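The values are calculated or read from the model by the stated rules, or taken from the named source; none is laboratory data. In this text the structure is predicted, and so the values were computed from the model without any measurement. So basically every Cβ, Gly included, is an ideal-geometry build from the backbone, and we count neighbours across all protein chains shown.
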Amino acid sequence: MQLRNTPVDEIEFLGHQVYVKRDDLLDVAFTGNKARKFYHFLQQDLSSVDILVGHGSAQANSLYSLSVLAKLKQCQLHYYVAHLPQYLTDNPQGNYRAALALGANIIVVDSECIVIEHIQQQVLPALVAQGLSTVFIPEGGRCQYAETGLKILADEIMAWAESKAYSDIRVVLPAGTGTTALFLQQHLPFEVQACACVGGDGYLKQQFLELCADESLHPTIIATEKKYHFGKLYLPFYHIWTELKKTTNIEFDLLYDPLAWLCLQREFIADNTNIAAGLESTDKRPILYIHQGGLQGNETMIPRYLRKLALAK
């Protein structure tokens, strides 16, 4: 099971060189940031644990990864969701289908409850009262335990930069809870830049603060041109995803990566305009983009986009 030491590919995008850290090539069950975030748990002896408790979306990459982790550690997974779409119940696919096949127990919480509060106030105490040993992993692996694997990723990035004789680079990635970006920034001498894919800049800032009160250790948040709603279909997302796949032969995920690449696209277009006008590039630091995997989710996203494209004609 490969959980570290991924290659770095060099690509060209709008005339600009970009390096891509290929964490999508990690073990398929823990592709990308899940391999890094769950590294601590994968290395631990969980033989005394009866139940892993997690929560999030029914289509999240973390659902599948947690179900594999539970299978490997021979315990049950209880995964709590706020909503389970009827179409997914009727036609299981993607991460949801894979998790069910591995025995995950996916539980819908009453709509009036906040999922994490329900888990902390009711679920965990009830399991303890039954004499069951549990491990609770917050949504997307957003916890201090994630630092173990992300420090290893930071070490790999520094070793790569040294091998290229780069004294400074910038590390770019899309962010959900921001866990990966935050711990990378804490262990790297380089600037980490993250765009908020869930809930906007304010939400991402709050996620950073909950894990680290020292704002000097926070990544830079890249401003987006407009507010995007997570999980909603945007044709510019699909178009840039298609273009990247065609020109680089790298498949990115359709939920997070397109927004980050749109941010880079905006920067590169402005930079090209400046260069054409005889001005210097605003930022000459090499860019290392972190490909965090998540390709299993494309199984459900691609058909949704194809239906939207058909309706748009």
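Overview of results
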read-out	value
Residue ranges of strands (runs of 3 or more DSSP E) in segment 1-114 with at least 2 members of a type in the set (A, V, I, L, M) and crowded, with 18+ Cβ neighbours inside 10 Å	16-22, 51-55, 76-81
Unique residue being out of contact with any His (no Cβ under 6 Å at 6 or more places or on another chain), loosely packed, with under 13 Cβ neighbours inside 10 Å and in a helix (DSSP H, G or I) when the list is Val123, Val128	Val128
Among the residues listed as Phe38, Phe13, the single one being aromatic (Phe, Trp, Tyr) and within 22 Å of Ala146 (Cβ to Cβ)	Phe38
Test: residue in segment 202-221 that is of a type in the set (A, V, I, L, M), modelled with pLDDT under 95, farther than 21 Å from Pro7 by Cα and outside any helix (DSSP H, G or I)	no
Of all residues making up segment 260-297, the number that are within 14 Å of the chain's Cα centre (by Cα), of a type in the set (A, V, I, L, M) and part of a helix (DSSP H, G or I)	2
Ala146 being without any contact (Cβ under 8 Å) to a residue 60 or more places away in the chain and either closer than 19 Å to Leu77 by Cα or assigned to a strand (DSSP E or B) (or both)	no
Flag if Leu124 is at pLDDT 95 or above, under 27 Å from Leu254 (Cβ atoms) and not charged (D, E, K, R)	no
Residue in segment 46-58 that is closer than 19 Å to Gln292 by Cα, modelled with pLDDT under 95 and of a type in the set (Ser, Thr, Tyr) present	yes
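Conditions (1) closer than 29 Å to Arg304 by Cβ; (2) touching a residue at least 40 places away in the same chain (Cβ under 8 Å); (3) among the hydroxyl-bearing types (Ser, Thr, Tyr), marked per residue:
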{"residue": "Ser62", "(1), (2), (3)": "yes, yes, yes"}
{"residue": "Ser67", "(1), (2), (3)": "yes, no, yes"}
{"residue": "Lys73", "(1), (2), (3)": "no, no, no"}
{"residue": "Asn95", "(1), (2), (3)": "yes, yes, no"}
{"residue": "Ala99", "(1), (2), (3)": "yes, no, no"}
{"residue": "Asn105", "(1), (2), (3)": "yes, no, no"}
{"residue": "Val115", "(1), (2), (3)": "yes, yes, no"}
